[in-house]
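This report refers to the structure that appears directly beneath it.
The values are calculated or read from the model by the stated rules, or taken from the named source; none is laboratory data. A quick note: this is a predicted structure, and the numbers were derived from the prediction, not measured. Using ideal geometry, Cβ is built from the backbone for each residue, glycine included, and neighbour counts are taken over all protein chains shown.
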Amino acid sequence: MKKAFITGISGQDGSYLSEFLLQKGYEVHGMIRRSSLETRTRIDHLYQDPHVSGRRFFLYYGDMTDSSCIFQLLNKIQPNEIYNLAAQSHVRISFENPEYTANVDAMGTIRLLEAIRTLRLDKTTKFYQASTSELFGRAKKMPQNEKTPFCPRSPYAAAKIYSYWITVNYREAYNIFATNGILFNHESPRRGDSFVTKKIVQNVADIYYNKANTLYLGNLDVSRDWGYAPDYVESMWKILQYEKPEDFVIATGETNTVRDFVEKAFKYVNIEIEWQGKGIDEIGIDKKTGKIIVKIDPWYFRPTEVDILVGDASKAKKLIGWEPKVKYEELIKIMMEDALKTRRL
Ligand code: NAP
Ligand code: F7E
């Protein structure tokens with residue numbers, strides 16, 4: 001039975017990846033952080049009592065900032081595959097907590113790679129690094145592929161660029177099966193509440209149920225290549241099954257603005273938006289009632305923004321047979337259906 005070790009197992013991707021690997025017959029080991037409340041809603045359904053025999057899902061306390069615990073865990077588990085998904089993953093918040101973001105998102109990766117090297121797991125353990133389209137930042141070329149130069153625009157992206165290159169370096173220097181998946185934005189009902197897609201669908205549902213009046217947003221005109229998280233975790237596994245360690249862009253190839261996402265989410269509940277005004281004074285009005293339902297809050301602007309991203313995943317299609325199944329409109333439907341169900345109560 002193959003053993004996988006997942007950092008960030010309690011996150012959006014960690015939870016879908018755990019389900020995927022368990023269903024493939026893996027033993028899944030994950031690192032979680034201690035918190036004052038023991039609720040990990042994304043993985044609670046996978047939890048197995050330690051006293052039950054034959055279990056395949058194991059959780060351990062640890063932290064990406066603690067080298068000794070990372071070494072001990074890898075020594076104990078001796079995994080065949082490591083998926084490094086743990087991160088302070090919010091771009092806006094990385095401007096508030098830049099040093100912590102670097103410690104977790106950059107230094108955390110070298111702690112794992114050094115553990116693989118010094119524990120001599122290099123022949124037995126494959127390593128996946130959760131790299132990101134944020135590396136492209138202010139990209140000069142559309143769409144972005146594995147050869148597009150990086151131009152990071154946030155402390156988050158700068159930390160992730162270190163992890164990207166140290167993964168490449170450990171592959172070349174020590175012959176470790178170390179890979180990068182350069183994933184474009186991927187969303188789902190399990191997305192963290194403060195990311196823009198999840199925030200929009202939850203607020204649209206609340207406005208529809210008369211529980212809220214206004215959705216406050218930042219920059220409406222940025223464009224992202226949004227895919228569906230369960231499709232994307234499958235690519236992580238496929239990247240590690242490929243005959244040699246390589247880096248892959250994973251994306252849908254379609255880009256849309258935040259404004260468009262807002263319009264389509266409201267349309268799902270039969271609310272048509274009319275935009276009025278400009279800049280921070282722009283408002284979105286419900287055409288039928290005349291009520292203001294969208295406003296701009298400059299707090300959500302970023303000191304440096306990534307205006308547009310769109311990925312070219314043709315290498316992944318050709319070499320590992322990966323293609324997205326869920327496209328943009330279907331993604332909005334999945335997220336709106338979930339928001340309408342969960343916010344009704
Ligand atoms: P997420 O939902 O924010 O999950 C992040 C995970 O990392 C959580 O399990 C979190 O634990 C854990 N974590 C944070 N700080 C940690 C620390 N100091 N020590 C140990 N664990 C820590 O992120 P995601 O959307 O699943 O993304 C997974 C990975 O892919 C991240 O590295 C992200 O940067 C990267 N990525 C994401 C996307 C995307 O669109 N989703 C695209 C490209 C790359 P808690 O539950 O305790 O907070
Ligand atoms: O922002 C704009 C915002 O926070 C998307 C992470 O998973 O994907 C994610 O990073 C865009 C930005 O995601 C609001 O300015 C407008 O341009 O949902 P987001 P992100 O920054 O693209 C990448 C690939 C990762 O790797 C990251 O880990 O939407 N925007 N108004 C807003 N964004 C937020 N959060 N909130 C707003 O009110």
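Tabulated results
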{"quantity": "Filter pass, T132 being polar (S, T, N, Q), closer than 23 Å to L17 by Cα and within 15 Å of ligand 1 (Cβ to nearest atom)", "calculated": "yes"}
{"quantity": "Qualifying residues in the stretch 63-94 (those that are small (G, A, S) and in a helix (DSSP H, G or I)) - the one nearest to the chain's Cα centre (by Cα)", "calculated": "S94"}
{"quantity": "Selection count where residues are polar (S, T, N, Q), in contact with a Lys or Arg (Cβ under 6 Å, 6 or more places away or on another chain) and within 16 Å of ligand 1 (Cβ to nearest atom), scope the stretch 63-99", "calculated": "1"}
{"quantity": "All positions within the stretch 214-234 that are away from ligand 2 (no atom under 14 Å from the Cβ) and not acidic (D, E)", "calculated": "P230"}
{"quantity": "Residue count for the stretch 241-266, restricted to those that are within 13 Å of Q144 (Cβ to Cβ) and either in a helix (DSSP H, G or I) or among the polar types (S, T, N, Q) (or both)", "calculated": "2"}
{"quantity": "Residue match in the stretch 215-236 (condition: touching a strand residue (DSSP E or B) at 6+ places or on another chain (Cβ under 7 Å), within 14 Å of ligand 1 (Cβ to nearest atom), over 26 Å from E305 (Cβ atoms) and assigned to a helix (DSSP H, G or I))", "calculated": "yes"}
{"quantity": "Options F58, F71, F95: the member that is within 16 Å of ligand 2 (Cβ to nearest atom) and either surrounded by fewer than 19 Cβ atoms within 10 Å (Cβ to Cβ) or of a type outside the set (A, V, I, L, M) (or both)", "calculated": "F95"}
{"quantity": "Looking only at the stretch 38-55, and only at residues there that are away from ligand 1 (no atom under 15 Å from the Cβ) and surrounded by 11 or more Cβ atoms within 10 Å (Cβ to Cβ), the one that is nearest to G14 (Cα to Cα)", "calculated": "Q48"}
{"quantity": "All positions within the stretch 171-188 that are farther than 14 Å from K160 by Cα, in contact (Cβ under 8 Å) with a residue 60 or more places away in the chain and out of contact with any Ser or Thr (no Cβ under 6 Å at 6 or more places or on another chain)", "calculated": "R171, I176, F177, N185, H186, S188"}
{"quantity": "Subset of the stretch 18-62 that is touching a Lys or Arg at 6+ places or on another chain (Cβ under 6 Å) and assigned to a loop (DSSP other than H, G, I, E, B) - its residue that is farthest from M236 (Cα to Cα)", "calculated": "Q48"}
{"quantity": "Answer from L59, L46, L17 - the residue that is in contact with a strand residue (DSSP E or B) (Cβ under 7 Å, 6 or more places away or on another chain), in contact (Cβ under 8 Å) with a residue 60 or more places away in the chain and not β-branched (V, I, T)", "calculated": "L17"}
{"quantity": "Any hit, the stretch 124-139, residues being surrounded by fewer than 20 Cβ atoms within 10 Å (Cβ to Cβ), modelled with pLDDT of 95 or more, away from ligand 2 (no atom under 16 Å from the Cβ) and assigned to a helix (DSSP H, G or I)", "calculated": "no"}
